[in-house]
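Here is the structure we will look at, set down as structure tokens.
Please treat every number below as a calculation from the coordinates, not as lab data. Everything quoted here is computed from the prediction, not taken from an experiment. All Cβ positions, glycine included, derive from the backbone under ideal geometry; neighbour counts span all protein chains shown.
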Amino acid sequence: MYNTAATYDENYIKGPDPRFVKGGKVPIVKYTENAKYEFLGCPLHIPFGVAAGPLLNAAFVRVALNAGFCMPVYKTVRSLEWKSNAWPNILTISANEKSLYAENNNLVIGRNLIAEDFFSRNLSISNSFGVPSQKPAIWQKDFIQLCDLHSATGRQIVLSFQGSRMEKGSSTETKKAFYEDIIKVTQLVLECVNSTNSSTIEINLSCPNEVQSPLYKDIQSSVEVIHLVNSILMQQKKKINLIAKIGVLSEEDLNRFIGETAGKINAISAINTVSAEIRKPNGEIALGSGTYSGGICGALIFQQGLQMVSRLAKLKEKHGLKSSELSIIGVGGVMSAEHFSSYLSAGANIVHAATGMMWNLNLAAEIAEVLKVPFEKSWEVLS
């Protein structure tokens with residue numbers, strides 16, 4: 001439902017595009033029994049949702065919820081307006097390898113998507129937006145207008161957020177300003193959540209918070225940010241769950257992260273993307289950002305995501321943490337019901353898709369069928 005030939009702003013304004021869903025129609029899934037799954041105390045019809053990224057605003061969230069995705073994450077917001085990287089942002093990606101891994105120097109080829117790419121279960125794409133955000137007044141109003149859906153049983157809408165770094169006179173002043181921004185954006189997010197029945201927020205540590213370096217790679221700073229956000233949540237009358245979104249970490253770093261954030265977060269979501277050098281077939285820069293480096297999503301990162309979830313499950317057990325104390329959200333390359341099942345087997349409590357749902361809104365229904373969760377489905381023309 002995302003038009004890769006248009007800019008981020010054009011997609012945001014226009015909303016889900018009927019030209020990029022099969023037949024121009026979207027599924028309307030109505031679950032016919034009470035929810036039997038739950039996540040962080042919230043009942044869910046199926047343990048499946050949408051990772052932060054594809055759901056640009058309330059219009060996109062509504063389409064995903066109507067299609068049966070029970071835990072959509074509203075795209076990451078900031079404390080200030082932040083422009084998207086220049087177009088193109090999304091390219092179809094091909095590589096010599098069947099899977100991409102974070103520890104490798106990945107070199108891939110990117111080209112514009114064509115019709116058959118959108119419906120391929122082997123699709124991989126670039127993700128090069130730079131985490132754009134509307135002004136708080138805009139995204140707050142937009143999120144709150146989903147109030148009628150926040151109150152629906154069997155699903156939960158999550159709001160994703162991150163800090164924004166701006167250079168100051170010294171590194172100490174820059175870090176202080178970043179932490180002040182974390183406080184500001186957390187408070188803005190809580191204004192939204194406290195105005196709805198939503199009870200879960202997600203801090204995005206996996207995208208470039210600190211200039212070009214994702215925050216999750218700096219374990220000490222990540223832990224400090226988690227403790228800071230948690231201290232704000234502890235002041236709330238309403239219980240708010242906190243998810244930390246990260247990328248690929250070594251077992252040593254992940255062990256430290258889990259140990260030093262235990263009791264401060266309720267879940268870890270992993271992974272985001274795998275970094276690669278993206279070139280056109282002629283070797284030129286492919287992305288509108290003007291750099292070779294970009295994140296890769298889709299089928300090529302499935303194995304890396306699965307590996308990371310297995311690592312999380314192993315370390316969670318090592319620390320003696322129950323799922324009620326720390327849950328795992330498996331993300332990365334979920335293109336089919338088989339991929340979904342693999343993540344659950346690896347130790348995920350719930351699974352999120354991004355690329356897999358952007359042009360295949362029937363994916364939630366396919367998973368409900370595998371889980372034998374009864375539902376009624378109709379098709380509606382996306383206007």
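The table that follows gives values for the structure above.
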| read-out | value |
| --- | --- |
| Size of electric dipole in the stretch 176-326: Cβ of Lys, Arg +1 and of Asp, Glu -1, about Cα centre, debye, nearest 20 | 440 |
| The stretch 148-181: trypsin sites (Lys or Arg not before Pro) in DSSP coil with no more than 14 other Cβ atoms inside 10 Å | LYS168 |
| C-alpha center-to-center spacing [the stretch 106-151, the stretch 1-47] in angstrom | 11 |
| Packing rank of 364-376, 224-236, where each peptide gets the mean count of other beta carbons within 10 Å, highest leading | 364-376, 224-236 |
| Candidates ALA102, ALA267, ALA299: whichever shows maximal mean-square fluctuation once the chain is modelled as a Gaussian network with Cα springs under 10 Å | ALA102 |
| Highest average packing first - 10-18, 181-189, 109-117, Cβ atoms within 10 Å | 181-189, 10-18, 109-117 |
| Residues listed by number, the stretch 232-256, amide nitrogen under 17 Å from GLU325 label point at 7 Å toward C-beta | 242, 255-256 |
| Shape category assigned to the stretch 58-177 from the gyration tensor of Cα positions, a/c cut at 1.5 | oblate |
| Added length on full extension, which subtracts the Cα-Cα distance from 0.36 nm per residue, TRP379 to CYS147 | 81.1 nm |
| Max mean-square fluctuation residue, GNM over the chain, Cα-Cα springs under 10 Å, options ALA262, ALA58, ALA354 | ALA262 |
| Ranked packing of 86-99, 325-338, most packed first, by mean Cβ within 10 Å | 325-338, 86-99 |
| Span-rule helices in the chain, defined as complete DSSP H runs reaching 18 Å or more along the axis (Cα) with Kyte mean at least -0.5 | 171-193, 219-233 |
| Fraction of beta bridges assigned by DSSP in the chain that are antiparallel (%, nearest 5) | 45 |
| Cα-based reach from LYS372 at 27 Å (exclusive), listing lysines while leaving out same-chain residues under 8 positions away | LYS22, LYS25, LYS30, LYS36, LYS322 |
| Share of Cα-Cα pairs in the chain lying beyond 40 Å, as whole percent | 7 |
| Label zone at GLU97, where the point sits 7 Å out along the Cα-to-Cβ direction: the stretch 279-306 residues whose backbone N lies under 16 Å | 279, 293-306 |
| Charged-residue dipole, Cβ positions (Lys, Arg, Asp, Glu), the chain about Cα centre, Debye nearest 20 | 460 |
| Cβ-defined net charge surrounding GLY49, 12 Å radius [Lys, Arg +1; Asp, Glu -1] | 0 |
| Listed residue pairs exceeding 27 Å between alpha carbons, taken from LYS75/LYS264; LYS14/LYS98; LYS245/LYS377 | LYS14/LYS98; LYS245/LYS377 |
| Extension reserve of the LYS372-ALA59 stretch, reckoned as 0.36 nm per residue once the Cα distance is removed | 109.8 nm |
| For the stretch 315-343 versus the stretch 246-276, the gap between their alpha-carbon centres in whole angstrom | 12 |
| Proximal aspartates and glutamates relative to LYS176, as straight alpha-carbon distance under 17 Å, when same-chain residues fewer than 8 apart are discounted | GLU167, GLU210, ASP218, GLU224 |
| CD proxy at 222 nm, helix term only [per DSSP H run n ≥ 4: -39500 (n - 2.57); per residue of the chain; nearest 500] | -9500 deg cm²/dmol |
| Length-normalised contact order for the stretch 8-381 - Cα pairs under 8 Å, 6+ apart - percent | 23 |
| Proximal charge balance of GLU325 [Cβ under 14 Å; K/R count +1, D/E count -1] | +3 |
| Candidates ASN362, ASN122, ASN204: whichever shows maximal mean-square fluctuation once the chain is modelled as a Gaussian network with Cα springs under 10 Å | ASN122 |
| LYS168 versus LYS314: modelled label distance in nm, points set 7 Å from Cα along the beta carbon direction | 4.0 |
| Residue (of SER94, PRO43, ALA364) at the positive-pole extreme of the chain, dipole from beta-carbon charges | PRO43 |
| D (Stokes-Einstein, µm²/s), Kirkwood Cα radius, the stretch 1-70, 1.306 mPa s at 10 °C | 118 |
